[in-house]
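Here is the structure we will look at.
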Amino acid sequence: MLYKSAWDSLRPSLGVMQGRLSPPQRGRIQSFPWGSWQNEFKYCNELDISLMEWTIDSYNIENNPILLPKGIREIRTLSDLYNVRVLSVTCDFFMENPPWAAEGNSVFLKRLFTKLADAAGSLETQLKLVVPLVDSGSLRSNSDFHIVLDSLNIEYLQGANCQILFETDYRPSDFKNLLADVSVRNLGVNLDTGNSASLGIDPREEVFTFERLIGNVHIKDREFQGGSVPLGSGATEMSVYLRYLMSIGYRQSFILQTARAANQDHVGEIRRSIRYLMQITEELEFES
């Protein structure tokens, strides 16, 4: 049997959440890094990170580069120059404008998801659209899920090169059943290790319940029922998650969505997080 370390498998699939390599803006832990987004491609290259998850929040959303032809051209140029691919988009604007919160939100969301579907075609890649059903976007009931699907312009997305991944605060078995009740393809799950730790969800239960539905993983550490903390200092059982993910054959993206640097050295914090992952995966092996 041929065995390889978990780090050897994880390293090529490791990415970073856009904005984590720049100073926080408007007091937010996560937002699009206006004024520095181009530099983040260079930082990724210096850190030997080949994936970046794009961020779209509501602030100045109409000018987010991924929604504009000129921006798409610049993204493609920077991707080629620094060998950094954009394969996923975290859609924080959904959480900030859930369809049940205000009249007109559904129309607003449909228009944006249509633009993202078009962006996937322009980037000539499949885009994973991460839809956060947490915090203000948390489902109030199962029936809300059908409202969500309608607000995504789901039929248009089905015909585009997109996969829709939901990040949810449901128990894994409950959300898997909810997905099974809808006849829509290209739906899956974004697993967030920190959010799950905060909710007290068992890693084994989550990984083996969702299994092939997992299309993206956010690497994060949080305290139980608390906020984000540096990797290795909270309740997230990171090595357990990685071992189970490797055991089911997960080979897709791992996106660093880590706590912000207290000393404002945000590139250094991502570098420290990479070293931490390397350390805890040294002892993990799996059959390749």
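Brief remarks on what is shown
- The local environment of residue 134, defined by Cβ-Cβ distances under 14 Å, has a net charge of -3 under the rule Lys, Arg +1 and Asp, Glu -1.
- For the residues 131, 107, 207, a GNM of the chain with alpha-carbon springs under 10 Å puts the largest fluctuation on 107.
- Net charge, residue 96 excluded, C-beta distance under 13 Å - Lys, Arg +1, Asp, Glu -1: -1
- Cβ charges +1 (Lys, Arg) and -1 (Asp, Glu), total dipole of the stretch 1-100, debye: 120 debye
- Listed by chain and number, the aspartates and glutamates whose alpha-carbon sits under 12 Å from that of residue 42, ignoring those within fewer than 8 places in the same chain, are 80.
- Net dipole in debye of the chain [+1 Lys, Arg Cβ; -1 Asp, Glu Cβ; about Cα centre; nearest 20]: 540 debye
- Equivalent ellipsoid dimensions for the stretch 239-288 as semi-axes, Å, which come from the Cα gyration tensor, largest first: 26, 11, 8
- Gap separating the Cα centres of the stretch 222-262 and the stretch 80-145, nearest whole Å: 23 Å
- Fraction of antiparallel bridges per DSSP, the chain only, in percent to nearest 5: 15 percent
- If you look at the Cα atoms of the stretch 3-287, you get an Rg and a Dmax of 17.9, 55 Å.
- The helix-based estimate of mean residue ellipticity at 222 nm for the chain, built from -39,500 (n - 2.57) per DSSP H run of four or more residues and divided by its residue count, is -11500 deg cm²/dmol to the nearest 500.
- When the chain is treated as a GNM with alpha-carbon contacts under 10 Å, the residue of 196, 141, 273 showing the greatest mean-square fluctuation is 141.
Coordinate-derived values only; no laboratory data. In this text the structure is predicted, and so the values were computed from the model without any measurement. Because the Cβ atoms are built from the backbone with ideal geometry, glycine has one as well, and the counts that use them run over all protein chains shown.
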